[in-house]
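> Sharing a structure below in structure tokens format, with a few things to ask.
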Amino acid sequence: MKKLLEVKDLHISFHTFAGEVQAIRGVDFDLYEGETLAIVGESGSGKSVTTKSIMRLLPQGNSEIKSGEILFNGENLATASEKKMQKIRGKDISMIFQDPMTSLNPTMTIGKQIMEPLIKHRDLSKSEASKRAVKLLDLVGISKPETRLKQYPHQFSGGMRQRVVIAIALACAPKVLIADEPTTALDVTIQGQILDLMKDLQKKIETSIIFITHDLGVVANVADRVAVMYGGKIVEVGTVDEIFYNPQHPYTWGLISSMPSLDSQDEELFVIPGTPPDLLHPPKGDAFAPRNPYAMKIDKEEEPPMFKVSDTHYAATWLLHPDAPKVEPPLAVQERQAKFRASIKGDK
Amino acid sequence: MAKYITKRIIYLIITLFIIASVTFFLMKFLPGTPFSNEERLTIEQREILNAKYGLDQPIPIQYMNYMVNIVKGDLGVSFQFENQPVMDLLMNRIGPSMQLGVQAMIIGTIIGIALGVLAAMFQNTWIDYGSTFLAILGKSIPSFVLAALLQYYIGVKLGWLPVASWNGFSSSILPTIALACFPIATAARFMRTELIEVFGSDYITLAKAKGNSRGEVAVKHAIRNALIPLITVLGPMAVGLMTGSMVVEKVFAVPGIGEQFVKSIMTNDFPIIMGTTLFFAFLLTVIILIIDILYGIIDPRIRLNGGDK
Ligand SMILES: Nc1ncnc2c1ncn2[C@@H]1O[C@H](COP(=O)(O)OP(=O)(O)OP(=O)(O)O)[C@@H](O)[C@H]1O
Ligand SMILES: [Mg+2]
């Protein structure tokens, strides 16, 4: 498969009154053509900042890409001009946001909002763009598209609005679609519909998706590969199977243990103890060490490098060092794995 | 929309009725009559005058007469300018006042919005600080001080524009500037705050994510949304202009309603006071109606709900 996007050693800081918040501290990942890469991790781990930086949509005043590269079509987006970025945004790379209630302009008709990128990037006339918008609404499953085009966002439900946002994002058939928690704000049945729609459209439009979520259940459903973020770094990356059946990083174990499963409704959910690292003063060693029951002395002193588990699977934990003691994942993780196996067999 | 406007007009009439009644009774509770200052009048003469103007009748009857006359468009006869109907006196003076008010309102909102948009788009640059400084100045300098300053420097010292006379457009420039400062400052501050908030919203990020430039984002997506709350302060701004105009009219000797109003209060000229109050109330309610309609035009959520409510 061809690499579409390459993020290399990305460092991003925010300058605040309290000091420099080192939100992203060396992120590397690739995105291949046609795949869905999920980025998971707890709140504040840097998922949104990473993806916003790809579109260069970070707040202008106080953010800074300190170093690193974002390679797309032979161009480094980290240093590209604003003009260049305006040509890429909405055409080659698009974005879907978390809250459909606030991501549409309340005083502009749905039609205009969908036609905007078409007129901008595809040089379509108004009537051509309008025809295309009807098709797009139809594609995302909105009935009576001709009348709907003339309506305003407040006349749509949350799920419908997210469909509209998807139509806007896919209007120019982008190569990369970034979906930042696109279903978090929706209720469960609608979530499922939106996920199905996205999977369906991905095949039709042949786009790659970066899917941000903190719901591992969703990941198993949509992703080909998973990157786990913690404290502004990717701590483990691998295919879905590798992350679910053979996770290596203790933080990934924690995430999997804290997943709710359908048949354990009233069981108390596991919560990873402790608090996220202070990114104003990042620790010297492994940022996860203070919360890691398996932490060793070296974890507090030196950051672990990415250890290779397989050609597609890497994890940044000293436990993978040849000299480290052998540690089994916690019981909860093993139990979940058994359940995944059973449920996936049931699905197929 | 038509139904909505009809409903608003009915409200407008009810509001005016209430204001007319309240003004009437307030005036009745004020001590003194227009003739109580005239020491030379004998008691008999005073009674004759009271009878002539209907001030000897029981208050409910006076009220009835007053209201009936209002509906007929008759606001009574002035006490100080004998035999002159209040309506005529007002009509003679509406022109200059309206001209000043409308000019100041238009200049105020346009310049104010422009300053606010610039300040928000270039937040924390010298453009922003400059606009903030102007706004604070405009808000804190009382209009009569400004009026006097303008008169002295531009009128007297430089001799560019006429001072304290009323003929033609050129004599309306200085009073308009004096009046427009407050709306400029208000609109600029308000627009800046609203626009900065709008710039932070998700749909603006989406607009950027479509490939819009900063200018396009502001013009196509942000300004319209920031205007909605600004419309709410247009009403109070108009009130500010009316009250401000009394002083400014006096300073620039503009033959407007405000100037006459001040004079009438000093002479207890009831019919003119009541007539002017009613006129201001009428103007205000009409402004509020226009603002409501503007809301409907700018904000689709109101336009559509208003129609079928
Ligand atoms: N505008 C900003 N100014 C200062 N710090 C910021 C800003 N935006 C983000 N950060 C910091 O960057 C870090 C990463 O934030 P980010 O929004 O990427 O987290 P996230 O993984 O997307 O979390 P969530 O799941 O809550 O969306 C956080 O520690 C946050 O405090
Ligand atoms: Mg986020």
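> Net charge near B:ARG214, counting Lys/Arg +1 and Asp/Glu -1 over other residues with Cβ under 10 Å of its Cβ?
-1
> Here's something else I'd like to know. What angle, in degrees between 0 and 90 and rounded to the nearest 10, separates the Cα long axis of helix A:110-121 from the longest principal axis of the Cα atoms of chain A?
Result, in degrees: 80.
> Separate question: In square angstrom, what is the accessible area per residue of the protein assembly as shown with a 1.4 angstrom probe?
The answer is 48 Å² per residue.
> Oh, and also: For chain A, which span is the longest to avoid every loop-located (per DSSP) member of GluC sites (Glu not before Pro) having at most 13 other Cβ atoms inside 10 Å?
Looking at chain A, A:1-205 is the longest stretch - no exposed GluC sites (Glu not before Pro) with at most 13 other Cβ atoms within 10 Å.
> Under the rule that an exposed site lies in a DSSP loop and has at most 13 other Cβ atoms within 10 Å, name the longest stretch of chain B with no GluC sites (Glu not before Pro) of that kind, not counting the sites themselves.
Segment B:83-309 is the longest.
> Tabulate in residue order the Karplus-calculated ³J(HN,Hα) for the range B:172-184, using 6.51 cos²θ - 1.76 cosθ + 1.60 with θ = phi - 60°, rounded to whole Hz; enter x for Gly and Pro.
Along the range B:172-184, the couplings run 8, 5, 4, x, 5, 4, 4, 6, 6, 4, 5, x, 4 Hz.
> Among B:ASP202, B:ASP299, B:ASP128, whose mean-square fluctuation peaks in a Gaussian network model of chain B (Cα, cutoff 10 Å)?
B:ASP202
> Now for a different question. Which of the trypsin sites (Lys or Arg not before Pro) found in the range A:1-62 are in a DSSP loop and have at most 15 neighbouring Cβ atoms, other than their own, within 10 Å?
In loop regions of the range A:1-62 (DSSP not H, G, I, E or B), the sparsely surrounded trypsin sites (Lys or Arg not before Pro) are A:LYS2.
> On C-alpha positions alone, give me the angle between the axis of helix A:126-139 and the longest principal axis of chain A, in degrees, nearest 10.
50 degrees
> Mean 1/r over all different Cα pairs, inverted: what Kirkwood radius does the range A:92-173 give, in Å?
That comes to 12.4 Å for the range A:92-173.
> Could you work out what % of the accessible surface of the protein assembly as shown is carbon and sulfur, using a 1.4 angstrom probe and leaving DNA, RNA and ligands out of the count?
61 percent
> Using only the alpha carbons, work out the radius of gyration and Dmax of the range A:194-348 in angstrom.
Using the Cα atoms of the range A:194-348, the pair Rg, Dmax is 16.6, 51 Å.
> Pull out the extension gain between A:LYS144 and A:ILE205, defined as 0.36 nm times the separation in residues minus the alpha carbon to alpha carbon distance; nm, one decimal.
19.7 nm
> Shifting gears a bit: Using protein heavy atoms only (no ligands, DNA or RNA), what is the total accessible area buried between A and B, 1.4 Å probe, nearest 100 Å²?
Chains A and B together bury approximately 2200 Å².
> Then there's this: Could you put A:ASP311, A:ASP286, A:ASP187 in order of accessible surface area, largest first, with the 1.4 Å probe and the full protein assembly present?
Of A:ASP311, A:ASP286, A:ASP187, the descending order of accessible area is A:ASP311, A:ASP187, A:ASP286.
> While we're looking at this one, here's another question. Per residue of chain B, what 222 nm ellipticity follows from adding -39500 (n - 2.57) for every DSSP H run with n ≥ 4, rounded to the nearest 500?
So the helix-based figure for chain B works out to -25000 deg cm²/dmol.
> Could you check the spin-label model distance between A:LYS131 and B:VAL286? Points 7 Å from the Cα along Cα→Cβ, value in nm.
It is 5.0 nm.
> Kirkwood Rh over Cα pairs of the protein assembly as shown into Stokes-Einstein at 4 °C, 1.567 mPa s: D in µm²/s?
For these conditions, the coefficient is 43 µm²/s.
> Relative to the first principal axis of the alpha-carbon coordinates of chain B, what is the inclination of helix B:43-52, with its axis defined by its Cα atoms, in degrees from 0 to 90 and to the nearest 10?
60 degrees
> Student exercise: in chain B, how many lysine pairs 8 or more apart or on different chains have Cα atoms under 18 Å apart?
Lysine pairs, 8 or more places apart or on different chains, close enough: 6.
> Roughly how far apart, in whole Å, are the Cα centres of the range A:201-261 and the range B:203-254?
47 Å
> Under 10 Å, Cα contacts only: if you run a Gaussian network model on chain B, which one of B:SER140, B:SER172, B:SER213 comes out with the highest mean-square fluctuation?
Greatest mean-square fluctuation among the candidates belongs to B:SER213.
> To the nearest Å, what is the center-to-center distance of the range A:153-195 and the range A:271-312, using C-alpha atoms only?
35 Å
> In deg cm²/dmol, rounded to 500, what helix-only [θ] at 222 nm does chain A give when every DSSP H run of at least 4 residues adds -39500 (n - 2.57) and the total is split over its residues?
Theoretical 222 nm ellipticity from helices: -10000 deg cm²/dmol.
> Could I ask something else about it? Could you run the Karplus curve 6.51 cos²θ - 1.76 cosθ + 1.60 with θ = phi - 60° over the range A:4-17 and give me ³J(HN,Hα) per residue in whole Hz, x for Gly and Pro?
Karplus values, whole Hz, x for Gly and Pro: 9, 9, 10, 9, 10, 6, 7, 10, 10, 10, 10, 9, 10, 4.
> Follow-up question, since we're still on this one. Sum up the charges of everything whose Cβ sits under 10 Å from the Cβ of A:MET95, counting Lys and Arg as +1 and Asp and Glu as -1, but leave A:MET95 out.
For residues surrounding A:MET95, the net value is +3.
> Hey, quick one: spin label on A:ASP311, modelled 7 Å out along Cα-Cβ, who in the range A:1-45 has an amide N within reach, i.e. under 12 Å?
A:1, by backbone N distance to the label point.
> Tally Lys/Arg at +1 and Asp/Glu at -1 over every other residue whose Cβ is under 10 Å from the Cβ of B:ASN225; what's the total?
Taking every Cβ under 10 Å from that of B:ASN225, the sum is -2.
> Straight-line reach from A:LYS300: which lysines have Cα under 27 Å away, leaving out those fewer than 8 places along the same chain?
Qualifying lysines at Cα under 27 Å: A:LYS8, A:LYS47, A:LYS66, A:LYS233, A:LYS284, A:LYS308, A:LYS326.
> Checking buried surface per residue: for the range A:103-132, which residues lose a minimum of 50 Å² accessible area in the protein assembly relative to the chain alone (1.4 Å probe)?
A:ASN105, A:PRO106, A:THR107, A:GLU116, A:LYS120
> Around A:ILE39, which amide H atoms from residues at least 5 apart in sequence, or from another chain, sit under 5 Å from its own amide H, with H modelled in the peptide plane?
Distant-sequence amide H within range of A:ILE39: A:PHE211, A:ILE212, A:THR213, A:ALA227.
> Using the beta-carbon distance between B:ASN65 and B:VAL239 and R0 = 30 Å, what value does 1/(1 + (r/R0)^6) give for FRET efficiency, to the nearest 0.05?
Efficiency, from the Cβ-Cβ distance: 0.50.
> So, one more: Whole-Hz ³J(HN,Hα) for each residue in the range A:276-281, computed from phi via Karplus 6.51 cos²θ - 1.76 cosθ + 1.60 with θ = phi - 60°, x for glycine and proline: what do you get?
Working through the residues one at a time gives x, x, 7, 7, 6, 10 Hz.
> Rounded to the nearest 0.05, what FRET efficiency is calculated for B:ALA164 and B:VAL219 with R0 set to 45 Å and r the Cβ-Cβ distance?
Here the calculated transfer efficiency is 0.60.
> If you don't mind, there's one more thing I want to ask. Once the cut-off is 37 Å, how many percent of the Cα-Cα pairs in chain A end up in the long-distance tail?
21 percent
The values are calculated or read from the model by the stated rules, or taken from the named source; none is laboratory data. Being a predicted model, the structure only gives us computed values, none of them experimental. With ideal geometry, Cβ positions are generated from the backbone for all residues, glycine too; neighbour counts draw on all protein chains shown. Ligands, DNA and RNA are excluded from the accessible area calculation, which covers all protein heavy atoms including side chains. Shrake-Rupley method; radii C 1.70, N 1.55, O 1.52, S 1.80 Å.
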